[in-house]
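One structure is given below, represented as C-alpha cells, and several questions about it will come after.
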Amino acid sequence: MRRRLMVAALLLGTSGLLAGCDQLKKVAGGKDVVVKETEFPERVLWGDTHLHTANSVDAFGFGVRLGPEEALRFARGEEVTSTTGLKAKLPRPLDFLVVTDHAEGLGATKALYDAPRLLIRDETMLRWYDMMHEGPAGSQRAMAEILDARGRNALPKAMLNQDGTAERTKSVWNSNIDTVERYNEPGKFTAFFGFEYTLMQGGNNLHRNIIFRDGPDRVRTVVPLDPTYKTTTDEIWNYMEAYEKATGGRVLAIPHNSNLSNGLMFELTQPGGGPMTAAYAKRRAQHEPVVEITQIKGDSEAHPFLSPNDEFAGFGVAGWELNNLLGNQPKVPSMFAGEYVREALKRGLLLEQQMGVNPYKFGLIGSTDSHTALSTADENQFFGKHTGNEPNPARVMQEQNLGTRKGRFGWHYLASGYAAVWAKANTRASIFDAMERREVYGSTGPRMTVRFFGGWDFKDADLKGDWVRAGYRRGVPMGGELSAGKKGAPSFIVSALKDPIGANLDRVQIVKGWVTKAGKLQEKVFDVVWSDPDKRKPTGGKVPAVGDTVNVATASYTNSIGAPTLAKVWTDPEFDPSVRAFYYVRVLEIPTPSWPAFDAVRYKLKLPPEVRVKQQERAYTSPIWYTPTKA
Amino acid sequence: MPSSRDLAVAVLREPLVHFLVAGALVFLVLSGRPPNATERRIVVDEPVLESIFNRYVQSFHRPPTPEEIDGLVQDYIRSEVYYREALRLGLDRDDEVVKKRMRNKMLALSGADAEAAQPSDAELQALLDKNPARYAAPPRFTLQQRYIGADTPALRAAAKAAIAAAKPGLAPALPTVTSAMPDRFDDASPSDLAAEFGDDFADSVSNAPVGRWTGPIVSGFGLHFVKIERLKKAPPPRLEDVRQSVENDWRFAAVRKAEDASFKSMLRGYDVVIERPR
C-alpha cells in the first residue's frame with residue numbers, strides 16, 4: 001500500500017497547480033472536488049484540535065491501542081471499539097479533527113513495547129518494559145514513572161538516542177500523513193495535519209498544538225519538532241517560520257493548559273525574566289492567534305482569586321489549581337495571573353500600552369486533549385482522559401496523577417470541550433483562515449451557536465432584519481478589532497442558540513476587560529440578556545440564578561427553565577474612548593448533570609459530597625478589541 | 001497506520017516472536033533442526049550471529065562492538081537456556097501474560113496481509129452495492145424556515161390552525177420569532193439541518209411535502225413552519241465518485257475480517273467442548 005500511495009503522491013506532485021491547494025483534492029478515482037467558500041461564514045463548524053492516539057508516548061503507556069485511523073473514523077461519526085472493548089459512537093459527528101500526537105518520542109512507547117527485550121540494556125527501561133507488558137495497571141504505573149522522570153530530566157540516556165528517535169519520528173509521521181489524507185474530505189470533513197509540541201519547564205505546562213493549513217506534499221517536507229532538544233518558544237517559532245519560508249505553506253500554534261503552567265504561560269515579562277521585548281510580543285501574536293481555554297484537564301477562563309465579583313468564575317478549576325502539570329511544584333495564588341485567559345487578555349492590553357504590541361491578542365477555542373483516540377466532550381458519553389479512565393465503576397474516585405504525587409481524582413477531569421469555527425467552507429484552508437482571524441469560540445461540550453459582532457451603529461431594530469449580513473457589513477465579528485473615530489460607544493450584536501439537542505440557556509454575558517491610563521487592570525461582567533426577564537429582575541447589579549431542574553438520582557434535567565434562544569443589541573454603558581478594552585461573550589446553560597452523575601447512575605455509585613455532580617456548561621467567544629486612536 | 005513492512009518488522013522484533021517464530025525459522029530453515037523444547041543442543045552459528053547482529057543494528061543504528069557482541073551472545077544463550085527450561089517446566093501454560101502476548105502476535109500476523117492488500121474494483125463495487133445508502137450523496141433541500149416559538153400545546157394548536165387556514169402560496173399567519181437561525185437554506189443536506197436544528201427536525205423535513213408551507217415541525221428550539229422549495233435527490237453512487245470512502249471501509253474491515261478468518265481456520269483444527277456444571 002505504501003508504494004501505491006507514493007505513486008499517488010507523485011502524481012499529485014506533477015499535477016502542479018493541484019499540489020498544495022486545499023480546495024482541490026484529487027481523490028483515488030481521479031476526481032477533483034471543488035469546495036466553494038460562501039460570502040461570509042453561514043454555519044458554525046465543530047471540531048477537536050487536540051487529540052492523542054497510540055502514537056503518543058503517554059497515551060500508549062496509559063494503554064490506548066487505537067491509532068489515528070480509529071480516531072478519524074470516530075470523529076466522522078462511525079462506531080469504533082475502544083481500547084477497553086466498549087462500543088463508542090458520537091451522537092453527532094464532528095466537522096473536523098486534528099490528531100495532535102506528542103512530537104516528543106512520537107511512537108516511542110510503542111517502539112519500546114515492541115522492542116526485543118534482550119536488546120534493552122538499560123535497567124530502568126527494562127523495568128518499564130516489563131511493567132508495560134504486565135497489563136493495563138502495570139502500563140499505567142510505568143507511564144507515571146516515565147512522566148515523572150521526564151519532569152525531573154532523568155530519562156535514561158538510551159531513550160534519548162537522537163538518531164534513532166528522528167528516524168522513528170519520520171516513519172510514524174509519514175504513515176500518519178497517509179492515513180489523515182485518506183480521511184480528509186473537503187466540504188464534508190476536514191482532517192488536519194498537526195502535532196503537539198509539549199514544551200515543559202520543570203513540570204510547568206507550556207504545551208502548544210501545531211496545526212498545518214497545507215496538504216501532504218508540503219507537510220511531508222518536515223517532521224514534528226521534538227521539545228526534548230528544542231526547549232524554548234523561540235525554537236518552535238523558528239521551526240514554523242522555516243516551514244513557511246521553505247514551502248510557502250502556513251502553520252499556527254495553539255497554547256493550552258495555561259492553568260497548569262504555574263504562572264509561566266502568560267507572563268508580563270520575557271520568558272526567564274526582564275522586560276518583554278516588542279519583538280517577542282510580535283512573534284507570539286503572529287504565530288499564536290488562538291488559545292485553548294477549556295479541555296479535560298480543567299478550564300482556564302477565570303479563577304475566583306482573580307475575579308472575586310464573578311460568581312461564575314472558577315468553572316473546572318478544582319484539582320488543577322493545586323500545582324503544575326506534573327504535580328511536582330505547588331501553586332501559590334500569585335501564579336494565577338499568568339495562568340488564566342481573562343487575565344492574560346488584560347495583561348495584553350497593558351503590554352500594548354507600554355510597548356505598542358499586544359502579545360496576547362488571541363481568540364478562544366475548546367478541545368478535548370483526550371488520550372483515548374476518542375474525542376468525547378458530552379457528559380453522558382465521556383470516555384475519559386486516558387484509557388485507564390474509560391468508563392468503569394472506579395474512575396470517578398480514582399487518583400489521577402500524571403506524575404507520582406497526590407491531589408487529583410478522576411472527577412476533576414471535565415468532559416470538555418469542542419472548538420467552534422465560523423469558516424466559509426469545511427476545508428483545511430477555510431478553517432485555518434478562520435482561526436487566523438480568530439473567528440472562533442470554545443465550548444465546554446454543548447454545541448451552542450453563538451454570534452457576536454461589534455460596531456458603532458447597531459440598533460435594536462437590526463435584530464428584526466438580516467442582522468448577520470449587517471454584522472459583517474457594518475461591524476466586525478468575534479476576533480475582530482474596533483478602532484476609534486466614530487461617535488459614541490461601541491454597540492454589539494450578540495445572539496446564542498442552545499444546543500439543538502441540549503439544555504436551554506440561562507443567560508448571555510459580555511465580559512469586558514480594560515486597562516486604565518495608570519496601568520491598572522480592570523474587568524466587569526455584564527448580564528446582557530437572560531431567560532424569564534419578567535421574573536428575574538437584577539438585584540445589586542446581578543441577575544438572580546436561573547434555578548435548577550437537575551435530578552441527580554436519575555442524571556436528568558428538564559428544559560422547563562431557561563430559554564432556547566437569546567439575542568440582544570448591547571451598548572457599553574461605561575465606555576471611555578481613551579481606554580483600551582476587550583469584550584468577549586460568555587453563554588451559560590441551565591444546570592445539567594455532569595459525567596460523574598451519569599457514572600453514579602450507570603454503576604450505582606454513592607459519591608462523596610465534594611464530587612461535582614451538576615454544572616452550568618458554557619461557551620466563550622473570542623474577544624473584540626477596542627483601541628483608541630491615540631492611547 | 002504502519003505499512004505491512006513496518007508491521008512485519010515490528011512483529012519480528014517482538015521477543016516472543018523472536019524466540020518462537022524467528023527462532024523456529026532460524027533453526028528449521030537454516031540449521032535444519034526443528035524447534036523443540038527437549039532439544040539439548042544450543043548452536044550459535046553464523047545465521048544466529050547474523051540475526052543477533054542485524055537486530056542490534058536495527059535498534060541502535062550502529063554495529064555492536066566486539067564486547068557487545070560477546071554480551072549479546074551470552075545473553076542469547078542465557079535466554080535460550082531459561083526459555084527451554086521454562087517450557088520444560090510448563091511455565092508457559094498457566095501464564096496469562098504469555099498467553100495474551102502470543103495471542104496479540106498471532107493477531108498482528110493475521111491482519112498484516114490484509115493491511116497491505118489492494119482491493120479490486122469488483123470487491124469495492126460489491127461493498128458499495130451492499131450498502132449504497134451509506135455512500136450515496138445526501139438529498140439536498142432548498143427551503144424556507146420560520147421559527148414561531150417554544151413548543152407549547154397552545155402554540156401547537158395555533159400553528160395547526162394557521163396551516164389549515166393558510167391560502168395556497170402564502171405563509172401561515174403566525175408571527176415569526178426573530179432568532180439567529182437562518183431563515184433559508186440552499187441545497188442543505190439532512191446532516192446540515194440536523195447540525196442546526198437536531199435530528200428530529202431533519203427527519204421531519206425529509207418526510208415533508210415539497211412546494212408548500214408545512215408544520216408545525218419540531219426542533220430542539222421549538223416549533224417551525226417550513227416550505228421546501230426544491231428537493232434534489234442524488235443519483236445512486238458511482239464507485240468512481242466514492243472510491244476513497246469505500247476503500248477506507250474495505251481496508252478497515254479487511255484487517256478485522258482477516259483476523260477473524262485466520263482464527264476460524266485455526267479453530268477448525270480443534271474440538272471445543274464446553275462442559276457446563278449441572
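The values are calculated or read from the model by the stated rules, or taken from the named source; none is laboratory data. As the structure is a computational prediction, the values presented were derived from the model and not from experiment. Every residue, glycine as well, gets a Cβ built from its backbone with ideal geometry; the counts of neighbours run over all protein chains shown.
Criterion first (modelled with pLDDT under 90, under 15 Å from residue A:183 (Cα atoms) and touching an Asp or Glu at 6+ places or on another chain (Cβ under 9 Å)) does residue A:31 satisfy it?
no
Ok, one more. Which condition does residue A:582 not pass, out of (1) of a type outside the set (Ser, Thr, Tyr); (2) over 24 Å from residue A:344 (Cβ atoms); (3) buried (at least 23 other Cβ atoms within 10 Å of the Cβ), if it passes all the others?
(2)
Anything in the stretch A:430-450 that is acidic (Asp, Glu) and either free of Cβ contacts under 8 Å to residues at least 40 places away in the same chain or outside any loop (DSSP other than H, G, I, E, B) (or both)? List them, or say none.
Of everything in the stretch A:430-450, those that are acidic (Asp, Glu) and either free of Cβ contacts under 8 Å to residues at least 40 places away in the same chain or outside any loop (DSSP other than H, G, I, E, B) (or both) turn out to be A:433, A:436.
Next question, about the same structure. What single numbered condition from (1) polar (S, T, N, Q); (2) modelled with pLDDT of 95 or more; (3) in contact with a Lys or Arg (Cβ under 9 Å, 6 or more places away or on another chain); (4) within 24 Å of residue A:449 (Cα to Cα) fails to hold for residue A:375?
Going through the list (1) polar (S, T, N, Q); (2) modelled with pLDDT of 95 or more; (3) in contact with a Lys or Arg (Cβ under 9 Å, 6 or more places away or on another chain); (4) within 24 Å of residue A:449 (Cα to Cα), residue A:375 breaks only (3).
Please find, within the stretch B:225-251, the residue that is farthest from residue B:171 (Cα to Cα) out of those that are among the charged types (D, E, K, R) and surrounded by fewer than 16 Cβ atoms within 10 Å (Cβ to Cβ).
Per the criteria, the residue is B:240.
Could you check, for the stretch A:529-541, whether at least one of its residues is out of contact with any strand residue (DSSP E or B) (no Cβ under 6 Å at 6 or more places or on another chain) and either closer than 26 Å to residue B:195 by Cβ or part of a strand (DSSP E or B) (or both)?
Yes, there is a match, as at least one residue in the stretch A:529-541 is out of contact with any strand residue (DSSP E or B) (no Cβ under 6 Å at 6 or more places or on another chain) and either closer than 26 Å to residue B:195 by Cβ or part of a strand (DSSP E or B) (or both).
Count, please, the residues in the stretch A:506-522 that happen to be of a type outside the set (Ser, Thr, Tyr) and surrounded by fewer than 20 Cβ atoms within 10 Å (Cβ to Cβ).
7
Looking only at the stretch A:59-81, filter to residues that are buried (at least 22 other Cβ atoms within 10 Å of the Cβ) and either on the phi > 0 side of the Ramachandran plot or within 20 Å of the chain's Cα centre (by Cα) (or both); which one of those is modelled with the lowest pLDDT?
Selected residue: A:63.
Here's another thing I want to ask about it. Collect the residues in the stretch B:136-153 that are within 13 Å of chain A (Cβ to nearest Cβ) and of a type in the set (Lys, Arg), keeping them in residue-number order.
The answer is B:140, and nothing else.
Closer than 30 Å to residue B:175 by Cα and either in a loop (DSSP other than H, G, I, E, B) or modelled with pLDDT of 95 or more (or both) - does that describe any residue in the stretch A:514-527?
Checking the stretch A:514-527: at least one residue is closer than 30 Å to residue B:175 by Cα and either in a loop (DSSP other than H, G, I, E, B) or modelled with pLDDT of 95 or more (or both).
So which residues in the stretch A:362-392 are outside any loop (DSSP other than H, G, I, E, B) and of a type in the set (Val, Ile, Thr), if there are any at all?
A:365, A:387
Per-residue answers, yes or no, for (1) under 30 Å from residue B:83 (Cβ atoms); (2) aliphatic (A, V, I, L, M); (3) facing chain B (nearest Cβ under 10 Å):
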| residue | (1), (2), (3) |
| --- | --- |
| A:44 | no, yes, yes |
| A:59 | no, yes, no |
| A:72 | no, yes, yes |
| A:87 | no, no, no |
| A:124 | yes, no, no |
| A:130 | yes, no, yes |
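Follow-up. Consider residue A:467 carefully, then state whether it is in contact with a Lys or Arg (Cβ under 9 Å, 6 or more places away or on another chain), surrounded by 19 or more Cβ atoms within 10 Å (Cβ to Cβ) and at pLDDT below 95.
For residue A:467, the condition - in contact with a Lys or Arg (Cβ under 9 Å, 6 or more places away or on another chain), surrounded by 19 or more Cβ atoms within 10 Å (Cβ to Cβ) and at pLDDT below 95 - is met.
Next up: When you check residue B:18 against the structure, is it at the interface with chain A (Cβ under 10 Å from one of its Cβ atoms), at positive phi and either surrounded by 13 or more Cβ atoms within 10 Å (Cβ to Cβ) or at pLDDT 70 or above (or both), yes or no?
In short, no.
Also, quick follow-up: From the list A:348, A:363, pick out the single residue that is under 21 Å from residue A:417 (Cα atoms) and either crowded, with 24+ Cβ neighbours inside 10 Å or in contact (Cβ under 8 Å) with a residue 24 or more places away in the chain (or both).
Answer to the selection: A:363.
Could I ask something else about it? Given the conditions (1) in contact (Cβ under 8 Å) with a residue 60 or more places away in the chain; (2) in contact with a strand residue (DSSP E or B) (Cβ under 9 Å, 6 or more places away or on another chain), which single one is not true for residue A:356?
(2)
Looking at A:248, A:187, A:263, A:203, which is the one that is on the phi > 0 side of the Ramachandran plot, touching an Asp or Glu at 6+ places or on another chain (Cβ under 8 Å) and not β-branched (Val, Ile, Thr)?
A:263
Given the options B:235, B:172, B:168, name the one that is within 30 Å of residue A:90 (Cβ to Cβ) and either modelled with pLDDT under 95 or within 14 Å of another protein chain (Cβ to nearest Cβ) (or both).
Only one candidate passes the filter, namely B:235.
What tally of residues in the stretch A:470-501 results from selecting those that are out of contact with any helix residue (DSSP H, G or I) (no Cβ under 7 Å at 6 or more places or on another chain) and surrounded by 22 or more Cβ atoms within 10 Å (Cβ to Cβ)?
Residues meeting the conditions: 12.
So that you can scan it fast, the table gives a plain yes or no per residue for (1) among the β-branched types (Val, Ile, Thr); (2) more than 25 Å from residue A:481 (Cβ to Cβ); (3) assigned to a loop (DSSP other than H, G, I, E, B):
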position	(1), (2), (3)
A:221	yes, yes, yes
A:224	no, yes, yes
A:239	no, yes, no
A:242	no, yes, no
A:264	no, yes, yes
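Right, something else. Please give the number of the condition residue A:531 fails out of (1) touching a Gly at 6+ places or on another chain (Cβ under 9 Å); (2) more than 28 Å from residue B:222 (Cβ to Cβ); (3) polar (S, T, N, Q).
(2)
Tally up the residues in the stretch B:60-100 that are acidic (Asp, Glu) and surrounded by 12 or more Cβ atoms within 10 Å (Cβ to Cβ), please.
Qualifying residue count, the stretch B:60-100: 5.
Turning to a different aspect of this structure: Keeping to the stretch A:549-571, report how many residues are within 14 Å of chain B (Cβ to nearest Cβ), polar (S, T, N, Q) and not in a strand (DSSP E or B).
Residues flagged as within 14 Å of chain B (Cβ to nearest Cβ), polar (S, T, N, Q) and not in a strand (DSSP E or B) within the stretch A:549-571 amount to 3.
Going through the stretch A:451-461 one residue at a time, which ones are charged (D, E, K, R) and either within 11 Å of chain B (Cβ to nearest Cβ) or assigned to a strand (DSSP E or B) (or both)?
A:451, A:460
Do any residues in the stretch A:30-54 that are of a type in the set (D, E, K, R) have Cβ atoms under 6 Å from those of residues that are assigned to a strand (DSSP E or B) and at pLDDT below 95, where the two are at least six apart or on different chains, and which pairs are they?
Within 6 Å, the pairs are A:32/A:24.
One line per residue, one yes/no per condition, for (1) more than 11 Å from chain B (Cβ to nearest Cβ); (2) on the phi > 0 side of the Ramachandran plot; (3) touching a strand residue (DSSP E or B) at 6+ places or on another chain (Cβ under 9 Å):
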{"site": "A:435", "(1), (2), (3)": "yes, no, yes"}
{"site": "A:445", "(1), (2), (3)": "yes, yes, yes"}
{"site": "A:449", "(1), (2), (3)": "no, no, yes"}
{"site": "A:463", "(1), (2), (3)": "no, no, yes"}
{"site": "A:479", "(1), (2), (3)": "yes, yes, yes"}
{"site": "A:487", "(1), (2), (3)": "yes, no, no"}
{"site": "A:506", "(1), (2), (3)": "yes, no, yes"}
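Out of all the residues in the stretch A:301-322, which are within 24 Å of residue A:148 (Cα to Cα) and touching a helix residue (DSSP H, G or I) at 6+ places or on another chain (Cβ under 8 Å)?
Result: A:317, A:318, A:319, A:320, A:321.
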